[in-house]
Amino acid sequence: MSLVLIALAIIIIGGLLALAVCKNGSLSTLLGAASTVVGCIIALIPVLQTIYYGDTTIIRLAWNMPYGSFFLKLDPLSAFFLLPIFVLSGLAAIYGREYMMAYRDKKWLGLSWFFFNLLLVSMAFVCLAHNTVLFLISWEVMALSSFFLVAFEYEKEAVRKASWIYMVASYLGTAFLLPMFLIFGSEAGSLDFDGFVQGLSSGEANICFILALVGFGTKAGIMPFHVWLPVAHPAAPSPVSAIMSGVMIKTGIYGLVRTLTFLGMPPLWWGYLLLAIGIISGVLGVLFALAQHDLKRLLAYHSVENIGIILIGLGVGMIGWSSGMPIVAALGFAGALLHVINHALFKGLLFLGAGSVFHGAHNLELDHLGGLIKKMPSTGLFFLIGSVAISGLPPLNGFVSEFVIYIASFSGAMSLNPSSSLSMIGAIAGLALIGGLAAACFTKAFGIVFLGEPRSKDAENARESSPWMTLPMMILAVACIFIGLLGAAVIQVIPPVIGVVLGNPYTGEIRIASNYLFSVTAGSAVFIIFLMAISGLRSFLLSRRSVGSSGTWDCGYAAPDARMQYTASSFAQPIIDLFQFFLRTKKNITMPDSYFLGAARFETHTTDIGRKGIYNPIFKAIGSFFGRMKVVQEGRIHIYVLYVVVTLLILLFWNMR
Amino acid sequence: MQITSFINIILGLLLAPLLLGIINKTKASFAGRTGQPLLQAYYDIIKQLQKGAVYSKTTSWIFRAGPVVGLSAVLVALAIVPVGGIAAPLAFSGDLLLLAYLLGVMRFFTVLAALDTGSSFEGMGASREVLFSAIAEPAFLIGLAAIARETGIMSLSHMLPAAHFFSPEVVLVVASLLVVFLCENARIPFDDPNTHLELTMIHEVMVLDHSGPDFAFILYSSALKLWVLGLVIVGLIFPSPAGSFWPAPVSTAICGLILLAIIVGIIESLMARLRLLRIPQLLVAAGSLSAFAFILILR
């Protein structure tokens, strides 16, 4: 535990030093990045120890705040969420060293590194804090520091708007957390988390659960509270997007799971609710991702989808928990938690890959890119690995966690009572549809960006990024393969973690899943052997034959052109048309109107359903209400004096009553 | 693990292209033609294996990797499905998920190889393929979940023999899986393997640019995919008692596959291709059949 604090101190001191020399771009970048890397490596030691041995360490100091103490606790659940935070932040810092240097002359990089390090420390404190005040302070520091990072390119109007939306959504989320903690605190008489343990009536527990779901769900980006996510993540610089999408939104999941430990045995409908929100977030997240034209925005919507998958796992687990089915409970939670780590790895990888594309080609518009795999071979390979992983395909890590959630749902579908088992069918159908659509979305993203011919000058002149940027991606890609092949071993770390939540580590159930995963590993190993054998056979067959090259078959048309290729929009069009009910994509068509070639235009635009359907009307209603309230603000002094007198009189009569 | 399960894999490797011949013979006899030889698929594969290859200048290593990944994935899938009630070598609880997702890997790389050519035709086929398979996936998995609920088993090798065909639930699941089977294997009414117009194809158009050994791998993988998914359906229709002497259940299963191929041939002779807009509706209907089967089992 003290090692974690030392590491965090190093990171924050590095951030302050970077701030002190903020006008010197290279020096502040060196200080910020180096302190982060050193701090993350030191912090990983106690985190891994805690996960491996399943022990708990605490630090409890007296402080001036009433009702509680300065209370930090490193238990397996915290450590499990800290692991991806430190791994991804360390790698993003190495990557950022090169990426941020491009802005050396335009910005004071020291400021950004200060907020970057502050964000990392505050995320760590969110996971460690065991006292409400400490937790909420870290939570707000986390929101603020990431706000300043999102606003990095504040001279752009769209970025200012994005950071503003992010700020408003963050505060709205916190507004739900305050009453929740007040209920817990007033019931327990203390604001330390230890005092909260399970003393609530069922009505209060229901209210607390809903408040936690909305408050933490806003941070996690569940539908329909996700509106900030697809605007804020693309606006931030890529290493920051990777951290926000990979680990920061997971603090929302951490908060939700931690709250479950205060609430005890859940009623059945909580599980149903989580499952339903998970399916909606997952399916709509991936559909909106398909409709995007910007690579980073597409990835941001995929975060909504993956949070959906995590919630499906949690929902299935909670249904199993309430129905007394240990295997469903244990594997649902295990799959969801594994997906937290897996998503951090592959989403971090993909955002870093997108950043590398931006660094090399200065463009993120899907339909302006193409053919990048020849110009940027390493970025292309790592982006491909990330794409296969996020689509949940074997032999990579995305499949492992989805497989565990599937096994939980199948076990539930086989043995629960009719209504619960039907909900499991919902989970299976949801996961299957999400998986298929995610594969569609990532064949689109990878295929259009990296394959075919370049569609613009930007793509033609692209160049590969330096090893500072490709090395972190390589480490993440190797981690994706590693967890994909060793799922059976990796899942063994889960029992102490779910022990914190469910009160029972369910070692036996996890071992069953581990055995299944071992067979998956066997299948993957056979798959890789076949891959090598068949590619060997192929090169043997072709070695003595003529291998020619020519143009792509074009049905006899003699002058093909890069602009004739299928675009991302056309690739996604059938899916978008089919799900038009949810997406409401607006099309703007100008047909060529004469018999001879004339100008033509085609434009599609997909507005976010949550923003258009929920947030905008609410804010408009609030705005118009306060607009009408303006009547009382006359601006003349004697009117205000009248208000004072009237108020005094009313209070006087109130007292005389 | 039994030696017989490996013999079953070898049977699959040898006999899979025969199914394509049977489908084509059936179609020819309906049309009153002689048709191509029964072993035409073998001839095609052997001929392509002996040729060199031509690659488009646009393509990268992804294009060359596509057929290799596809064949490897479907070979692993072959080790997951049981033949005639004899457990497959790679049988475990949840193997049906690995099967579904291995076919997903195959599709992922076929689609990427198609996009790598930069051709609009292949992009169009790829776009249709990913949409239809995304909707077919839930139908497949819910259908198998229904069988899992009925038998209480999560492994294909043990749940297929344990299902009773003569219950309405299983009939519904078989109907749903048949639709998925036709869709996944690019048969009528989803896709016409013999069409001559690139604009209307789905699967065939994606592999237009492949040649030589790569194309042989693709032909062979699609034959094996037909075999693998066919075995899931046949396993449900002809459940075989455990412990019976090896040749009997296996030859039943192979006769079942031949029968399935004839049925596919008949369907292809009697039906036209559906309009592309109707295809999602048929797949959603298959999904509803699966869900309905599950509800029936809950009774």
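Brief remarks on what is shown
- Reported count of residues in the stretch B:96-111, each being within 14 Å of residue B:159 (Cα to Cα) and either of a type in the set (S, T, N, Q) or at the interface with chain A (Cβ under 7 Å from one of its Cβ atoms) (or both), is 1.
- Only one of B:68, B:76 that is facing another protein chain (nearest Cβ under 7 Å), in a helix (DSSP H, G or I), within 29 Å of residue B:165 (Cα to Cα) and within 22 Å of the chain's Cα centre (by Cα): B:76
- 1 or more residues within 23 Å of residue A:132 (Cβ to Cβ): qualifying helices (runs of 4 or more DSSP H) within the stretch A:178-266: A:202-220, A:250-263
- Among the residues of this structure, residue A:439 does not count as one that is surrounded by fewer than 24 Cβ atoms within 10 Å (Cβ to Cβ), small (Gly, Ala, Ser) and within 7 Å of chain B (Cβ to nearest Cβ).
- Number of positions in the stretch B:37-54 that are of a type outside the set (A, V, I, L, M, F, W, C) and more than 14 Å from chain A (Cβ to nearest Cβ): 5
- The condition (being closer than 30 Å to residue B:280 by Cα and touching a Leu at 6+ places or on another chain (Cβ under 7 Å)) is satisfied by just one residue among A:602, A:582: A:582.
- Scan of the stretch A:426-435 for residues that are over 20 Å from the mean Cα position of the chain (by Cα), within 8 Å of chain B (Cβ to nearest Cβ) and buried (at least 24 other Cβ atoms within 10 Å of the Cβ), ordered by number: A:428, A:432
- Against the test of being of a type in the set (Lys, Arg) and within 13 Å of chain A (Cβ to nearest Cβ), the options B:149, B:187 yield a single qualifying residue, B:149.
- Candidates A:481, A:434, A:491: the one that is among the aliphatic types (A, V, I, L, M) and either in the same structural domain as residue A:95 (by TED's automatic domain parsing) or in contact with an Asp or Glu (Cβ under 7 Å, 6 or more places away or on another chain) (or both) is A:434.
- Exactly one residue out of A:71, A:81, A:152, A:148 is in contact (Cβ under 8 Å) with a residue 24 or more places away in the chain, assigned to a strand (DSSP E or B) and of a type in the set (Phe, Trp, Tyr), and it is A:71.
- Inside the stretch A:327-361, residues that are more than 14 Å from every other protein chain (Cβ to nearest Cβ) and more than 24 Å from the chain's Cα centre (by Cα) make up a count of 2.
- Candidates A:447, A:380, A:370, filtered to the one that is in contact with a Pro (Cβ under 7 Å, 6 or more places away or on another chain), farther than 26 Å from residue A:313 by Cβ and within 9 Å of chain B (Cβ to nearest Cβ): A:370
- Counting only residues that are more than 8 Å from chain B (Cβ to nearest Cβ) and either within 19 Å of the chain's Cα centre (by Cα) or not in a helix (DSSP H, G or I) (or both), the stretch A:391-422 holds 10 of them.
- Checked against (1) in contact with a strand residue (DSSP E or B) (Cβ under 7 Å, 6 or more places away or on another chain); (2) surrounded by 24 or more Cβ atoms within 10 Å (Cβ to Cβ); (3) not aliphatic (A, V, I, L, M), residue A:293 passes all but condition (2).
- Residues in the stretch A:608-657 that are surrounded by 10 or more Cβ atoms within 10 Å (Cβ to Cβ) and outside any helix (DSSP H, G or I) were compared, and the one that is modelled with the highest pLDDT is A:608.
- Filter result for the condition that a residue is at the interface with chain A (Cβ under 10 Å from one of its Cβ atoms) and assigned to a loop (DSSP other than H, G, I, E, B), over B:59, B:34: B:59
Results for (1) over 27 Å from residue A:295 (Cβ atoms); (2) among the aromatic types (Phe, Trp, Tyr); (3) in the same structural domain as residue A:479 (by TED's automatic domain parsing); (4) surrounded by fewer than 22 Cβ atoms within 10 Å (Cβ to Cβ), shown as yes or no for each residue.
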residue	(1), (2), (3), (4)
A:334	yes, no, yes, no
A:340	no, no, yes, no
A:377	no, no, yes, yes
A:389	no, no, yes, no
A:395	no, no, yes, no
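- When the stretch A:448-478 is filtered for residues that are under 23 Å from the mean Cα position of the chain (by Cα) and not hydrophobic (A, V, I, L, M, F, W, C), the ones remaining, listed by number, are A:470, A:472.
- Scoring residue B:88 on the criteria (1) closer than 27 Å to residue A:521 by Cβ; (2) at the interface with chain A (Cβ under 7 Å from one of its Cβ atoms); (3) not in a helix (DSSP H, G or I) leaves a single failure, condition (2).
Rundown of residues vs (1) within 18 Å of residue A:79 (Cα to Cα); (2) in a helix (DSSP H, G or I); (3) not assigned by TED's automatic domain parsing to the domain that holds residue A:168, yes/no style:
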position: A:107; (1), (2), (3): no, no, no
position: A:111; (1), (2), (3): no, yes, no
position: A:118; (1), (2), (3): no, yes, no
position: A:122; (1), (2), (3): yes, yes, no
position: A:127; (1), (2), (3): yes, yes, no
position: A:137; (1), (2), (3): no, yes, no
position: A:143; (1), (2), (3): no, yes, no
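- Sole exception among (1) within 7 Å of chain A (Cβ to nearest Cβ); (2) more than 16 Å from the chain's Cα centre (by Cα) for residue B:122, by number: (1)
For every residue, the table says whether it meets (1) in contact with a Ser or Thr (Cβ under 7 Å, 6 or more places away or on another chain); (2) closer than 30 Å to residue A:457 by Cβ; (3) in contact (Cβ under 8 Å) with a residue 12 or more places away in the chain; (4) outside the structural domain of residue A:349 (by TED's automatic domain parsing).
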residue: A:371; (1), (2), (3), (4): no, yes, yes, no
residue: A:385; (1), (2), (3), (4): no, yes, yes, no
residue: A:392; (1), (2), (3), (4): no, no, yes, no
residue: A:418; (1), (2), (3), (4): no, no, no, no
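The values are calculated or read from the model by the stated rules, or taken from the named source; none is laboratory data. In this text the structure is predicted, and so the values were computed from the model without any measurement. Glycine also receives a Cβ, built like all others from the backbone with ideal geometry; neighbour counts cover every protein chain displayed.
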